[in-house]
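Data first, discussion second: the structure below is written as structure tokens.
Where a number appears in this text, it was derived from the coordinates with a stated rule and is not lab data. On a predicted model such as this, the values are computed, not experimentally measured, just so you know. Cβ: placed from backbone, ideal geometry, glycine included. Neighbour counts: every protein chain shown.
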Amino acid sequence: MSTVTTSATPETAANNGKVKRRKFDPWGVVAWIVGLGFFFPVFWMVLTAFKQEVDAYTTTPKIFFVPTLDEFKAVFANGVGTSLLNSLYATTVSTVLVLALGIPAAFALSLKPVRKTQDALFFFMSTKMLPIVAAIIPLYVIVSNIGLLDNIWALIILYTSMNLPIAVWMMRSFFLEVPGELLEAASLDGASTWRSVREVILPLVSPGIAATALICVIFAWNEFFFAVNLTAVQAQTMPVFLVGFIAGEGLYWAKLCAAATMAALPVVLAGWIAQNKLVRGLSFGAIK
């Protein structure tokens, strides 16, 4: 029985004797400082939400205090539940409608091009060129005439039209990264166009769909101008509800921070749940 021995070269022995140390990266430190700087206002908002008003409204910021949930109780007493449900309903329904309309449109403009595709794309983006404030008066008249003032469906329709051009452009870029040969191979196997899209194309672009949906959710959830002009009480959303804490006698800092924390929480949770698909979707096609 023979044994095989291996001899280490001088370079290998020298490398094994050294402890690998990470090089100091100054740009990494800068990135951490910038990231913490952007996060600090959010941290301070959440911290202030657990203060009393007397602790929140001080000349010198108070770091050490006795935490309390009184401000959250006051926010619930002011009727935040209705505004929260209105925002959730308008955001969810409008996002579903945007995806239902935007995905077929983006597919038709990418893998199955139609005539004058560039004209259609320009039309989609031209709807975003008009300032919202220039359209609010005719929109108010139309909404008033059809009886949808202070109605959540008016916001759903407007949020859908607001996010649809962005969704079409985003989804088109994701569809363009899918090889057209996949559709040809599926058609040769006897699959219809709808089956090919459902079983072949959509699973590939699911990260892009998640990224598009999250962008639409953020835009619809944070929208203020339409909501403040077309709603009053019944269809009031969270951004409009937050304005109620700005009174003539001053700002209620602790209550405002508590309400803002509750308003930001659903979007943060949505981003956290979809973070894996979101990162893949935003980098879709960047690395081949």
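Quick one: if the Förster radius is 35 Å, what FRET efficiency do Ala191 and Leu101 give, using the C-beta to C-beta distance and rounding to 0.05? Walk me through the intermediate numbers first.
Working: r = 24 Å, r/R0 = 0.68.
Using R0 = 35 Å, I get an efficiency of 0.90.
So if I place +1 on the C-beta of Lys and Arg and -1 on the C-beta of Asp and Glu, and nothing else carries charge, what would the dipole magnitude of the chain be about its Cα centre? I want it in debye, nearest 20.
Numbers: 19 positive and 15 negative charges, 160 e Å.
That gives a dipole near 760 debye.
DSSP loop chymotrypsin sites (Phe, Trp or Tyr not before Pro) in the range 201-276 with at most 15 other Cβ atoms within 10 Å of their Cβ, which ones? Show your work: numbers first, answer last.
Working: sites: Phe219, Trp221, Phe224, Phe225, Phe226, Phe241, Phe245, Tyr252, Trp253, Trp272; in loops: Phe224, Phe245, Tyr252.
Hits after loop and neighbour filter: Phe224.
Note the full-extension length gain between Val66 and Val133 as 0.36 nm times their separation in residues minus their Cα-Cα distance, in nm to one decimal.
Numbers: separation 67, 0.36 × 67 = 24.12 nm, distance 4.42 nm.
Using 0.36 nm per residue and subtracting the Cα-Cα distance, I get 19.7 nm.
Pop out the ³J(HN,Hα) list for the range 234-245 in order, Karplus 6.51 cos²θ - 1.76 cosθ + 1.60 with θ = phi - 60°, rounded to Hz; leave Gly and Pro as x.
5, 10, 5, 9, 4, x, 6, 4, 5, 5, x, 8
Tell me the mean residue ellipticity at 222 nm calculated for the chain from its helices only (DSSP H runs of n ≥ 4, each -39500 (n - 2.57), averaged over every residue, nearest 500).
Values: 15 runs with 192 residues, N = 288.
The helix contribution divided over the chain gives -21000 deg cm²/dmol.
Between Asn78 and Trp44, how many nm apart are label points set 7 Å from Cα along the C-beta direction?
The modelled label-to-label distance comes out at 2.0 nm.
For the chain, what relative contact order do you get, as a whole percent, if you take Cα pairs closer than 8 Å and at least 6 residues apart?
On the way: 258 pairs, mean separation 84.2, N = 288.
It comes to 29 percent, rounded to a whole number.
Taking neighbour Cβ counts within 10 Å as the exposure measure, how do Cys216, Cys257 sort from fewest upward?
Values: Cys216 26, Cys257 22.
In order of increasing Cβ crowding within 10 Å: Cys257, Cys216.
Report the label-to-label distance for Glu199 and Gln52 in nanometres (one decimal), using points 7 Å from each Cα along the Cα→Cβ vector.
6.7 nm
How far, in nm, would the chain grow between Asp25 and Leu182 when pulled straight, counting 0.36 nm per residue and subtracting the alpha carbon separation? Don't jump to the answer; show the numbers that get you there.
Working: separation 157, 0.36 × 157 = 56.52 nm, distance 4.34 nm.
52.2 nm is the gain from fully extending Asp25 to Leu182.
Which helices, counted as full DSSP H runs in the chain, have an axial Cα extent of no less than 30 Å and a Kyte-Doolittle average of 1.0 or above? Intermediate values should be presented prior to the final figure.
Values: long enough: 26-49 (35 Å, 1.75); 80-108 (42 Å, 1.50); 152-176 (35 Å, 1.49).
TM-like helix candidates: 26-49, 80-108, 152-176.
Have a look at Ile209, Val143, Ile166 and report the one farthest towards the positive end of the charge dipole of the range 120-231, computed about the Cα centre with Cβ charges (Lys/Arg +1, Asp/Glu -1).
It is Val143.
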